[in-house]
């Protein structure tokens, strides 16, 4: 049932569904994840007053339905480019119920800076470490459980192109949206 | 509880003091708002100035000033660096570096080859040849257009529309609005669906593949050196490459460039020297049997592009643009993403540009009915003859004003009567000549009427003078195209 | 006034300017060497020596004072392709420049490797490649001897629950 999973007091969009916003640096596979989370009903529009494209779609996991918003690439809340400014504005104006921060292990030391900023802003965050397959090839091993412990938020490892870890992500999203105590999820 | 980092004492103190002053409700925590204010974020300043009483906002500004005074570096850097240290520590704790698997993957090798100028430039040529020439030019503008145009429209749709209109619409004037040589359906829709759709669609498909492969940032790095000479930076390669698809869309995208100066130069060059895919498709088809003519046309446009860019960058005041970009690894594009992007762009194209096609058809119809065309053509005829072309090409140039591709397509119809040299001169002049109506309106929207007027006033005479010079040069040199 | 040109970074300076770098050194008036005030490269004022000999003499040529820390510092643009160094300093205080470099992860303490110098500078930071133009690269000064200070470990960072 629509909205059945809405447990947090955040504002509800025109669709009446809780909002899940995907953020992260460019080229970390956000749009692949977006496609995997949403079905065929996706609308793409330019963010008001800009050329920057923002995709919205409807996601479903079990009994839970939610709106997924894909944002342009961003490195920091203090953006330089128009894309970054749009993403920041979107986080500010849309009052997301949940922010999914997507990053790759390759660039973790730089990308975690945005995670810290999102947490600073008081947003509810799930961290996704994507492209794990490529990271392993580079010899990088990420201790997702430890990262989750230190950050105090759920961390999910994925290889979205191969569809790996997407079920875990969906599970983590549902858990966060329903307000049940978030389990630590890792692969 | 989630992790919160603590900054050094003076910063924390400033944050605490600002948080106390903030009374409004914000979507972000007050701590984050305070930190963004310390970092001089303009949008946040406006947001807070609008929410808080002016007195407390002034106090906030005073705190920011005082805090900055205690540091040599700008606060945004101090804060970013502090956060970076925390991040590096965190990453070190959770990321382990094992021995790398030996050898490089194919993608790595290709990645290196695309960056090194000696191999990168030939690779660019290969990408352009197969992506642009073979796929967009030969397949999109050739095979698909031929099928839709000759088989579908000329064979079925146009005869049907013409006869239906003749039976059901009693007035000649209205008949010619819908059907006939300049009708909305027989010309406007036919051009849009049979010519533009396959060309633009195939271009957007190629562009999305290139975009998703991670090649564009490497290309940007490769051309940065050259682009600096024309007052742009490597990043401008994205709107410029997009311009070969649709100059209107590229003009829109040029706003992502950093400075006003760069935006202006990019807009001018897009309007002047970058042929859109519709025009490109027809011109490539027109010159396809004549390699010399095609080389002359392409070389001349490249020369104009660089020369005008260089001179403009010299004339326009402003600082040198800077180039900084992450180079992602080359990856195999995901077909689903590529298709989605292509469809989104085509959808945009049809919503934004298609209505203007219809408008152009109506204007052409009105021009024909009122006889205004005859007058304008009679003005244009001597100009056209001056650059060595037959008087009849004046009609082609007039059409080019309405849609770049109308003009090129008109030229296609008269190709048989022109010499190789005339073809080169006509194609080059037509490419340089004013942008189409859609691009013109986008320029007005993005750059304002002053800049647009200046650009158009420059381009109109420049196109013909350049055509004249080219004609003269070809005659002198005796190059047989 | 006679101007010296640093063979390493190409910076031109006067003897007076260079003398400020030698302050405090007891040998400064008689050692026959001077240091480039920009990159710290030590050059002999006379006799002239070919570049390959100069390289060999880097450091340790001043008895009694040890190797001055600055000798391993140089502009990033002076590194050869394949060379590595740790960013020691960013020679600009312009917020825009600093923000651009920071957005790519170019902070003091990060180790970078020069992958390519033309048409633009390509730097490897960890597993990431970034490209910057020469103007931006010129702001970076690197230490070629030091190990990375920011590259994981070694850094005490205050962390607290919140």
Review point. Can you tell me which of B:277, B:213, B:288, B:208 is over 21 Å from residue B:309 (Cα atoms) and buried (at least 24 other Cβ atoms within 10 Å of the Cβ)?
Key: B:277
Exercise for review: Among residues belonging to the stretch A:130-143 that are buried (at least 22 other Cβ atoms within 10 Å of the Cβ) and not in a strand (DSSP E or B), point out the one that is farthest from the other protein chains (Cβ to nearest Cβ).
Suggested key: A:132
Review point. Taking the stated definitions as given, is residue B:439 part of a helix (DSSP H, G or I), surrounded by 15 or more Cβ atoms within 10 Å (Cβ to Cβ), over 29 Å from the mean Cα position of the chain (by Cα) and in contact (Cβ under 8 Å) with a residue 24 or more places away in the chain?
Key: no
**Study point:** Residue that is closer than 21 Å to residue A:107 by Cβ, modelled with pLDDT of 95 or more, touching a helix residue (DSSP H, G or I) at 6+ places or on another chain (Cβ under 6 Å) and surrounded by 18 or more Cβ atoms within 10 Å (Cβ to Cβ), where the choices are C:102, C:131
**Key:** C:131
Revision key, fill the gap. Within the stretch B:94-121, restricting to residues that are at the interface with chain C (Cβ under 8 Å from one of its Cβ atoms) and without any contact (Cβ under 8 Å) to a residue 24 or more places away in the chain, the one that is farthest from residue B:223 (Cα to Cα) is B:95
Practice item. Could you check the stretch B:181-270 for helices (runs of 4 or more DSSP H) lying wholly inside it with 3 or more residues that are within 12 Å of another protein chain (Cβ to nearest Cβ) and touching a strand residue (DSSP E or B) at 6+ places or on another chain (Cβ under 9 Å)? Key: B:215-229
Review point. Does the stretch B:315-337 contain any residue that is assigned to a helix (DSSP H, G or I), within 8 Å of another protein chain (Cβ to nearest Cβ) and over 18 Å from the mean Cα position of the chain (by Cα)?
Key: yes
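Residues checked against (1) in contact with a helix residue (DSSP H, G or I) (Cβ under 6 Å, 6 or more places away or on another chain); (2) in the same structural domain as residue B:187 (by TED's automatic domain parsing); (3) in a strand (DSSP E or B):
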site: B:79; (1), (2), (3): no, no, no
site: B:82; (1), (2), (3): no, no, no
site: B:96; (1), (2), (3): no, no, yes
site: B:120; (1), (2), (3): yes, yes, no
site: B:129; (1), (2), (3): no, yes, no
site: B:133; (1), (2), (3): no, yes, no
site: B:147; (1), (2), (3): no, yes, no
site: B:152; (1), (2), (3): no, yes, no
**Study point:** Which listed residue is crowded, with 19+ Cβ neighbours inside 10 Å, at pLDDT below 90 and assigned to a helix (DSSP H, G or I), from B:428, B:409, B:463
**Key:** B:409
**Study point:** In the stretch A:89-106, the residues that are in contact with a strand residue (DSSP E or B) (Cβ under 8 Å, 6 or more places away or on another chain), over 26 Å from residue A:135 (Cα atoms) and at the interface with another protein chain (Cβ under 8 Å from one of its Cβ atoms)
**Key:** A:91, A:95
Review point. How many residues, within the stretch B:365-393, are without any contact (Cβ under 8 Å) to a residue 12 or more places away in the chain and assigned to a loop (DSSP other than H, G, I, E, B)?
Key: 2
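Considering each of A:127, A:151, A:169, A:119 in turn, give the residue that is over 22 Å from residue A:38 (Cβ atoms), at pLDDT 90 or above and crowded, with 24+ Cβ neighbours inside 10 Å.
A:119 is the lone residue from the list that is over 22 Å from residue A:38 (Cβ atoms), at pLDDT 90 or above and crowded, with 24+ Cβ neighbours inside 10 Å.
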Exercise for review: Kindly indicate whether residue B:362 is over 23 Å from the mean Cα position of the chain (by Cα), part of a helix (DSSP H, G or I), over 24 Å from residue A:27 (Cβ atoms) and at pLDDT 85 or above.
Suggested key: no
Exercise for review: Return a yes/no flag: does the stretch B:272-282 have any residue that is within 29 Å of residue A:31 (Cα to Cα) and without any contact (Cβ under 8 Å) to a residue 60 or more places away in the chain.
Suggested key: no
**Study point:** So residue B:170, is it out of contact with any helix residue (DSSP H, G or I) (no Cβ under 8 Å at 6 or more places or on another chain) and part of a helix (DSSP H, G or I)
**Key:** no
**Study point:** Filter result (more than 8 Å from chain B (Cβ to nearest Cβ) and either surrounded by fewer than 19 Cβ atoms within 10 Å (Cβ to Cβ) or at positive phi (or both)) within the stretch C:116-126
**Key:** C:117, C:124, C:126
Practice item. Please work out if residue B:72 is at the interface with another protein chain (Cβ under 8 Å from one of its Cβ atoms), surrounded by fewer than 22 Cβ atoms within 10 Å (Cβ to Cβ) and farther than 19 Å from residue A:78 by Cβ. Key: yes
Study note, to complete from the structure: Given the conditions (1) within 23 Å of residue B:98 (Cα to Cα); (2) surrounded by fewer than 24 Cβ atoms within 10 Å (Cβ to Cβ); (3) facing chain B (nearest Cβ under 8 Å), every one holds for residue C:97 apart from (1)
Check your understanding: When the stretch A:37-53 is examined, which residues are found to be at pLDDT below 85 and more than 10 Å from chain B (Cβ to nearest Cβ)?
Key -> A:39, A:40, A:41, A:47, A:48, A:49
Review point. Given the conditions (1) under 25 Å from residue C:128 (Cβ atoms); (2) surrounded by 20 or more Cβ atoms within 10 Å (Cβ to Cβ); (3) in contact with a helix residue (DSSP H, G or I) (Cβ under 9 Å, 6 or more places away or on another chain), which single one is not true for residue A:87?
Key: (3)
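The values are calculated or read from the model by the stated rules, or taken from the named source; none is laboratory data. Bear in mind the structure is a predicted one, so any value in this text is a computation, not a measurement. Using ideal geometry, Cβ is built from the backbone for each residue, glycine included, and neighbour counts are taken over all protein chains shown.
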